[in-house]
1. State the Cα centre-to-centre distance between the range 67-82 and the range 123-173 in whole Å.
2. At 20 °C and 1.002 mPa s, what whole-number value in µm²/s does Stokes-Einstein give for the translational diffusion of the range 1-90, with Rh from the Kirkwood sum over Cα pairs?
3. Calculate, in whole percent, how much of the Cα-Cα pair population of the range 125-173 lies beyond 16 Å.
4. How are the C-alpha pair distances of the range 43-87 spread across 10 Å bins, as whole percents from the shortest bin up?
5. Among 98-106, 36-44, how do they line up by average Cβ neighbours within 10 Å per residue, starting with the highest?
6. So what does log10 I(q)/I(0) come out to for the range 98-156 at q = 0.17, 0.19, 0.28 Å⁻¹, using the Debye formula with one equal point on every Cα and no solvent?
7. Please give, to one decimal in nm, the separation of the simple spin-label points placed at residue 73 and residue 34, each 7 Å out from Cα toward the Cβ.
8. If each residue of separation counts as 0.36 nm, what is the full-extension length gain between residue 2 and residue 131 once their alpha-carbon separation is subtracted?
Amino acid sequence: VDKFARVDILVNNAGINVRKRPEEYAVEEWDRIVDINLRGSFLCANAVYPHMTKQGGGKIINIGSIYGTVSPDQRIYKQPMPLAHSMSKGGLLGLTRWWATALAPKIRVNLLTLGGIEFGMGKGFRARFSRLVPLGRPAHMSEFDEAIRFLLGRGSRYMTGAELVIDGGYTAK
């Protein structure tokens with residue numbers, strides 16, 4: 001605000017993951033995941049919405065995960081996909097819908113839920129994951145660009161509190 005005088009857009013894209021079984025988590029690790037994945041989005045939205053309200057509006061996009069919508073298929077992982085990741089990303093949908101109703105009509109808040117992303121996948125995991133996706137592959141990072149533009153543009157001006165899922169059909173099963 002000091003530098004640009006306005007805040008028009010917030011994209012909450014922070015997220016971490018620790019691969020452990022639930023019983024192996026130290027409370028501090030659980031707290032750290034929830035703090036970054038869920039609390040961080042709350043704090044960022046809480047910091048910008050007063051400025052957006054004063055200036056007449058804005059848009060907030062929270063970035064979620066398919067594992068906040070459906071449970072991971074643990075059979076494809078060498079170690080379990082962590083509970084704290086799924087729980088915190090699932091909480092983003094509730095947070096998105098709460099903010100959407102609290103901040104409407106001036107500020108629109110939506111959730112973009114992403115499927116598996118090719119970045120950093122090993123060859124074996126990529127093959128296991130791809131068998132679960134109707135389109136037969138993970139996403140490329142660039143495949144989310146247009147969705148973000150859509151959520152920020154005029155085509156979505158009647159959307160708030162919505163979850164837009166881009167996952168190659170993973171959650172359609």
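The values are calculated or read from the model by the stated rules, or taken from the named source; none is laboratory data. Note that the structure is predicted; figures quoted are calculated from it, not measured. Please note: Cβ atoms are built from the backbone with ideal geometry, for glycine as well, and neighbour counts cover all protein chains shown. Accessible surface is based on the protein model in full, side chains and every heavy atom, while ligands, DNA and RNA are left aside. Shrake-Rupley method; radii C 1.70, N 1.55, O 1.52, S 1.80 Å.
1. A separation of 17 Å, based on Cα centres.
2. Roughly 146 µm²/s, to the nearest whole number.
3. On the way: 592 of 1176 pairs.
More than 16 Å apart: 50 percent of the Cα pairs in the range 125-173.
4. 23, 32, 20, 19, 8
5. Put in order of decreasing packing, that is 36-44, 98-106.
6. Ignoring solvent entirely, the Cα scatterers give -0.69, -0.77, -1.13.
7. Between residue 73 and residue 34, the simple spin-label model gives 3.0 nm.
8. 41.5 nm
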